[in-house]
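Engineer: Quick one: this structure, given as structure tokens, is what I'll be asking you about.
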Amino acid sequence: MTLISIQGVTKRFGDIVALDDVSIDVADNEFFSLLGPSGCGKTTLLRILAGFEQPDTGAVLLDGKNLVGTKPYHRPVNMMFQSYALFPHMTVRKNVAFGLEEERLPRSEIDTRVEEALAKVGLESMADRKPHQLSGGQRQRVALARAVVKRPRVLLLDEPLGALDRKIRAEMQLELKRLQHEVGITFIVVTHDQEEAMSMADRVAVMHHGRVLQVASPVELYEKPSSFFVADFIGEMNFLEGSLQGDRFVVPGVGSFAAEGQASEVRWLAVRPEKLLINPTEAANRLDGTVVDVSFYGALTHCVVSVPGLQTPLRANVTGPLALTPGATVTLGWNPSDSITLS
């Protein structure tokens, strides 16, 4: 069931088009992510949802009601900022209770809801500490508790894990997903970190230059990107430039390969590194090359192979160690079903 419907939203700042006719639907109780590089318009869209910015054109519907023109404090929406914006002079408990106290709720209800929120994020024992006495991950949890304690229909999160180190970030990705399921609130998260979006979100909208290029599940984005930008932005990808002629993709000066696709404007054949086989016994497509580099990362080995006629080396990822050294001659292979043709 659609909870939020963003319809034809455009926003300009002077001569800069921050959002260009953006339309997205977000389902009730969905974990949705806006993903893209800096300056793509994702934070502007989040601020329009929160009511801090107004669109030049378009509508933002929540349960069928247009929120455009509605003040932020009259929307059933709450926002968690990247900086957390905690009050340094207040305890954790007072920080979480602040919004409820501003609503003049009965003290008994405030105390109950604050304790519930702190329990959800595992901070009951730290309720009387102040922000400077907490770690970065703990401060993030306080900000999250303060956001969910008001029980909004939608929680907006702007780069919520950006200030955390890699290990804590991985832990909090799981924590956010667990909490979202537990509290039953629609989460819309802005991030430029593809790994973060792919690991947490039910669906992801990839944005670039103020436009939405594709909205899909993480698996579909990875396996079936709709454009060169999405294919290049999500994970690693090898690209061969050429043209699709019937069921063959022709790369000038390199060769012709079996490919699946029908669009006459196809310009690229794309293959993920893990789909490239090294010295395969069977593969419809084959290329000979020379190993440039081999890097062992424990679970995976990354192999970089230079192919005559290609300006950019191809990358192959294999499980476990690989008994190859730079200078070795190898054959790379893949099947048509493991490649993607792109306009």
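No value in this document is a laboratory result; all are computed from the given coordinates. Note that the coordinates shown come from a computational prediction; the quantities given were computed from them, not determined experimentally. Positions of Cβ are backbone-derived with ideal geometry, glycine not excepted, and every protein chain shown enters the neighbour counts.
Engineer: Using only the alpha-carbon atoms of the chain, report the extent along each of the three principal axes, biggest first, to the nearest angstrom.
Structural biologist: 74, 45, 36
Engineer: Using Cα centres only, tell me the gap between the stretch 82-104 and the stretch 121-156 in whole Å.
Structural biologist: Cα centroid to Cα centroid, the span is 9 Å.
Engineer: Hey, another quick one. Could you work out how much longer the chain between Thr325 and Glu260 gets when fully extended? Use 0.36 nm per residue separation minus the Cα distance between them, nm to one decimal. Display every interim value, and only then the final one.
Structural biologist: Numbers: separation 65, 0.36 × 65 = 23.40 nm, distance 3.35 nm.
Once the chain is fully extended between Thr325 and Glu260, it gains 20.1 nm.
Engineer: So how many Lys-Lys pairs in the chain land under 24 Å Cα to Cα, not counting same-chain pairs under 8 apart?
Structural biologist: Qualifying lysine pairs in the chain: 21.
Engineer: Would you mind calculating the relative contact order of the stretch 2-228 from Cα pairs under 8 angstrom and at least 6 residues apart, reporting the percent as a whole number? Please list the in-between numbers first.
Structural biologist: Working: 428 pairs, mean separation 64.7, N = 227.
RCO, the stretch 2-228: 29 percent.
Engineer: Taking the alpha carbon gyration tensor of the stretch 178-243, what are the square roots of 5 times its eigenvalues, largest first, to the nearest whole Å? Intermediate results must be reported in sequence, preceding the final value.
Structural biologist: Values: eigenvalues 137, 30, 18 Å².
Rounded to whole Å, the semi-axes are 26, 12, 10.
Engineer: Rounded to the nearest 5, what % of DSSP beta bridges with both residues in the chain are antiparallel?
Structural biologist: Antiparallel: roughly 75 percent of the beta bridges in the chain.
Engineer: Related question: Using Cβ counts within 10 Å as a stand-in for footprinting exposure, how do Leu287, Leu105 rank, fewest first?
Structural biologist: Taking fewest neighbouring Cβ atoms as first place, the list is Leu105, Leu287.
Engineer: Which whole-angstrom value gives the distance between the alpha carbon centres of the stretch 277-343 and the stretch 167-211?
Structural biologist: 32 Å
Engineer: When Thr186, Thr341 are ordered from fewest to most other Cβ atoms inside 10 Å of their Cβ, what list results?
Structural biologist: Working: Thr186 21, Thr341 17.
In increasing order of surrounding Cβ atoms, one gets Thr341, Thr186.
Engineer: Taking the Cβ of Val121 as the center, what net charge do the other residues with Cβ under 14 Å away carry, scoring Lys and Arg +1 and Asp and Glu -1? Mind showing how you got there, number by number?
Structural biologist: Values: positive: Arg93, Arg113, Lys120, Arg129, Arg139, Arg141, Arg146, Lys177, Arg178; negative: Glu115, Glu116, Glu124, Glu171, Glu175, Glu182.
After counting each charged neighbour, the total is +3.
Engineer: Right, something else. Ranking Lys150, Lys71 by Cβ neighbours within 10 Å, fewest first, what do you get? Don't jump to the answer; show the numbers that get you there.
Structural biologist: Working: Lys150 19, Lys71 8.
Ranked by crowding around the Cβ, least crowded first: Lys71, Lys150.
Engineer: With θ set to phi - 60°, apply the Karplus curve 6.51 cos²θ - 1.76 cosθ + 1.60 along the stretch 5-14 and write out the HN-Hα couplings as whole Hz, x wherever there is a Gly or Pro.
Structural biologist: Each residue's phi maps through the Karplus curve to give 10, 9, 10, x, 7, 10, 9, 10, 10, x Hz.
Engineer: A further question follows. Run a plain Debye calculation on the stretch 1-132 (Cα atoms as equal point scatterers, no solvent) and give log10 I(q)/I(0) at q = 0.09, 0.18 Å⁻¹, rounded to two decimals, same order as the q list.
Structural biologist: One equal scatterer on each Cα of the stretch 1-132 leads to -0.37, -1.07.
Engineer: May I have the extent of the alpha carbons of the stretch 110-215 along their three principal axes, as whole Å values ordered from largest to smallest?
Structural biologist: Principal extents (largest minus smallest coordinate, Cα): 46, 29, 21 Å.
Engineer: Mean residue ellipticity at 222 nm from the helices of the chain, using -39,500 (n - 2.57) per DSSP H segment of n ≥ 4 over the full residue count, to the nearest 500 deg cm²/dmol?
Structural biologist: That calculation yields -7500 deg cm²/dmol at 222 nm.
Engineer: In terms of the ratio Rg/(2.2 N^0.38 Å) built on C-alpha atoms, what value belongs to the stretch 203-343? Intermediate results must be reported in sequence, preceding the final value.
Structural biologist: Working: Rg = 15.5 Å, N = 141, 2.2 N^0.38 = 14.4 Å.
That ratio works out to 1.08.
Engineer: What is the sum of charges around Leu3, taking Lys and Arg as +1, Asp and Glu as -1, for the other residues whose C-beta is under 10 Å from the C-beta of Leu3? Working shown, then result.
Structural biologist: Values: positive: Arg153; negative: Asp25, Asp28, Glu30, Asp63.
Its environment carries a net charge of -3.
Engineer: Let me ask something else about it. Please give the length that would be gained between Glu171 and Glu236 if that part of the chain were fully extended, namely 0.36 nm times their separation in residues minus their C-alpha to C-alpha distance (nm, one decimal). Present the calculation step by step, with values, prior to reporting the outcome.
Structural biologist: On the way: separation 65, 0.36 × 65 = 23.40 nm, distance 2.36 nm.
Working it through step by step, the gained length comes to 21.0 nm.
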